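Novice: Right, I'll just put the structure down here and ask away after.
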Amino acid sequence: MKKLYVVGLGPGEPAGMTYRARAALDKADVLCGYTVYTDLVAPLYPGKEVLTTPMRREIDRCRMALERAAGGDTVAMVCSGDAGVYGMACLIYQLAGEFPPVDIEIVPGVTAAVSGAAVLGAPLSHDFCVISLSDLLTPWETIEKRLRAAGEADFCIALYNPASRKRADYLRRACAILLESRSPETVCGWVRSIGRDGQTAKLLTLAQLQDETVDMFTTVFIGSSQTRALDGKMVTPRGYEAKL
């Protein structure tokens, strides 16, 4: 049967990709994806055909990949992080019925919550959740409810898509909601360009986070009431110390 890999690239640099991801890319005749992501892997495969679409053309991109796979090519649809976490895996399955049968294989990758946490220390060692602040597909009212619920439940929180040119104040708004249930001294952190050239990171408090300038390449981490700054690292105890 024709083959379509949906590949999570992790942070994007070769060292951050899994063996399964590299194997899928090796087998593919065609690489497909958003330009920013295909640019990360195309130099590794100069002889392969590359199909791209700009931002917000996700449906076209997935149909293009399915069409080529149905036509006999082995295709790798590439996504940053993990293909099933704010990636194309779900949309590929939703659209697959429009095409002749294709063998779809999801290849997991390291999502930004995990790779960013490793840069900061160990902020996600206990229960946590991931929330995107992008309201392109989710109403802001729904995002607010999720932030408020996560804050009240004392989850550690990883925030994706914390700001853009059109959403410059969304991180500030998110912090205001979380300050309803959390101390201004709550330990937080952010990482930009995780695993890529120019990676930067910072530890700070929730009060300070309100005034930070971040972008779509930044992942933000909000600690729980138990999170601590230890030797310059963001650490959320699991509770093992109670057994000592």
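Results for (1) of a type outside the set (Gly, Ala, Ser); (2) more than 20 Å from ALA163 (Cβ to Cβ), shown as yes or no for each residue.
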{"site": "TRP190", "(1), (2)": "yes, no"}
{"site": "ARG196", "(1), (2)": "yes, no"}
{"site": "THR200", "(1), (2)": "yes, no"}
{"site": "GLN210", "(1), (2)": "yes, no"}
{"site": "GLY223", "(1), (2)": "no, no"}
{"site": "GLY232", "(1), (2)": "no, yes"}
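Novice: Which pairs turn up if I take residues in the stretch 197-210 that are farther than 16 Å from PRO123 by Cβ and look for partners that are in a loop (DSSP other than H, G, I, E, B) and aliphatic (A, V, I, L, M) with beta carbon separation below 9 Å, at least 6 apart in sequence or on another chain?
Specialist: From the stretch 197-210, the pairs are ALA207/LEU179; GLN210/LEU179.
Novice: In the list CYS156, CYS62, which residue meets the criterion of being within 30 Å of LYS27 (Cβ to Cβ) and within 19 Å of the chain's Cα centre (by Cα)? Break it down into steps so the answer makes sense when it comes.
Specialist: Numbers: CYS156 fails: within 30 Å of LYS27 (Cβ to Cβ).
On inspection, the qualifying residue turns out to be CYS62.
Novice: Failed condition for ASP73, given (1) at pLDDT 95 or above; (2) part of a helix (DSSP H, G or I); (3) over 15 Å from the mean Cα position of the chain (by Cα), with all others met?
Specialist: For ASP73, the exception is condition (2).
Novice: Just for the stretch 110-128: of the residues that are hydrophobic (A, V, I, L, M, F, W, C) and part of a loop (DSSP other than H, G, I, E, B), which one is surrounded by the most Cβ atoms within 10 Å (Cβ to Cβ)? Before you say what the answer is, go through the steps one by one.
Specialist: Our first condition is that a residue be hydrophobic (A, V, I, L, M, F, W, C); within the stretch 110-128, this holds for 110, 112-114, 117-120, 122, 124, 128.
Filter again for part of a loop (DSSP other than H, G, I, E, B), leaving 110, 124.
Details: VAL110: 23, LEU124: 25.
So, considering only residues that are hydrophobic (A, V, I, L, M, F, W, C) and part of a loop (DSSP other than H, G, I, E, B), the one surrounded by the most Cβ atoms within 10 Å (Cβ to Cβ) is LEU124.
Novice: A further question on this structure: Pick from the stretch 37-89 the residues that are charged (D, E, K, R) and touching a residue at least 60 places away in the same chain (Cβ under 8 Å): which of them is surrounded by the fewest Cβ atoms within 10 Å (Cβ to Cβ)?
Specialist: Initially, the stretch 37-89 is screened for residues charged (D, E, K, R), giving 39, 48-49, 56-58, 60-61, 63, 67-68, 73, 82.
The next check asks that each one be touching a residue at least 60 places away in the same chain (Cβ under 8 Å); those that pass are 56, 73, 82.
Numbers: ARG56: 10, ASP73: 19, ASP82: 22.
Once the filter is applied, the top-ranked residue is ARG56.
Novice: Next question. If we scan the stretch 95-109, do we find a residue that is open to solvent by 30 Å² or more (accessible area, probe 1.4 Å), in contact with a Gly (Cβ under 9 Å, 6 or more places away or on another chain), closer than 29 Å to LEU66 by Cβ and in a helix (DSSP H, G or I)?
Specialist: Scanning the stretch 95-109 turns up no residue that is open to solvent by 30 Å² or more (accessible area, probe 1.4 Å), in contact with a Gly (Cβ under 9 Å, 6 or more places away or on another chain), closer than 29 Å to LEU66 by Cβ and in a helix (DSSP H, G or I).
Novice: If you scan the stretch 185-197, which residues turn out to be closer than 22 Å to GLY232 by Cβ and either under 18 Å from the mean Cα position of the chain (by Cα) or outside any loop (DSSP other than H, G, I, E, B) (or both)?
Specialist: First, pick out the residues of the stretch 185-197 that are closer than 22 Å to GLY232 by Cβ: 185-196.
Result: VAL187, CYS188, GLY189, TRP190, VAL191, ARG192, SER193, ILE194, GLY195, ARG196.
Novice: Look through the stretch 129-184, keep the residues that are of a type in the set (Ser, Thr, Tyr) and assigned to a helix (DSSP H, G or I), and return whichever of them is modelled with the highest pLDDT. So that I can check it myself, show each step before the final result.
Specialist: The initial filter retains those residues of the stretch 129-184 that are of a type in the set (Ser, Thr, Tyr), namely 132, 134, 138, 142, 160, 164, 170, 181, 183.
Imposing the further condition that a residue be assigned to a helix (DSSP H, G or I) reduces the set to 142, 170.
Values: THR142: 98, TYR170: 94.
Here the residue is THR142.
Novice: Which residue is farthest from ALA117 (Cα to Cα), if the candidates are limited to the stretch 202-233 and must be more than 16 Å from the chain's Cα centre (by Cα) and part of a strand (DSSP E or B)?
Specialist: At the first step, the residues of the stretch 202-233 found to be more than 16 Å from the chain's Cα centre (by Cα) are 202-213, 223-233.
Subset that is part of a strand (DSSP E or B): 202-205, 228-230, 233.
Details: LYS202: 12, LEU203: 12, LEU204: 14, THR205: 16, ARG228: 14, ALA229: 13, LEU230: 14, LYS233: 10 Å.
Only one residue fits best here, namely THR205.
Novice: Here's a follow-up. Report, by residue number, each residue of the stretch 162-177 that is under 21 Å from ALA112 (Cα atoms) and open to solvent by less than 30 Å² (accessible area, probe 1.4 Å).
Specialist: PRO162, ALA163, ARG167, TYR170, LEU171, ALA174, CYS175 - these are the residues of the stretch 162-177 that are under 21 Å from ALA112 (Cα atoms) and open to solvent by less than 30 Å² (accessible area, probe 1.4 Å).
Novice: Residues to consider are VAL50, VAL78, VAL85; find the one that is modelled with pLDDT of 95 or more and either more than 23 Å from the chain's Cα centre (by Cα) or in a loop (DSSP other than H, G, I, E, B) (or both). Steps first, answer last, please.
Specialist: Numbers: VAL50 fails: either more than 23 Å from the chain's Cα centre (by Cα) or in a loop (DSSP other than H, G, I, E, B) (or both); VAL78 fails: either more than 23 Å from the chain's Cα centre (by Cα) or in a loop (DSSP other than H, G, I, E, B) (or both).
Of the residues listed, the single one that is modelled with pLDDT of 95 or more and either more than 23 Å from the chain's Cα centre (by Cα) or in a loop (DSSP other than H, G, I, E, B) (or both) is VAL85.
The values are calculated or read from the model by the stated rules, or taken from the named source; none is laboratory data. All values derive from a computational prediction rather than experimental measurement. FYI the Cβ positions are ideal-geometry reconstructions off the backbone, even for glycines, and counts take in every protein chain you see. Note: areas computed on protein heavy atoms with side chains; ligands, DNA, RNA excluded. Shrake-Rupley method; radii C 1.70, N 1.55, O 1.52, S 1.80 Å.
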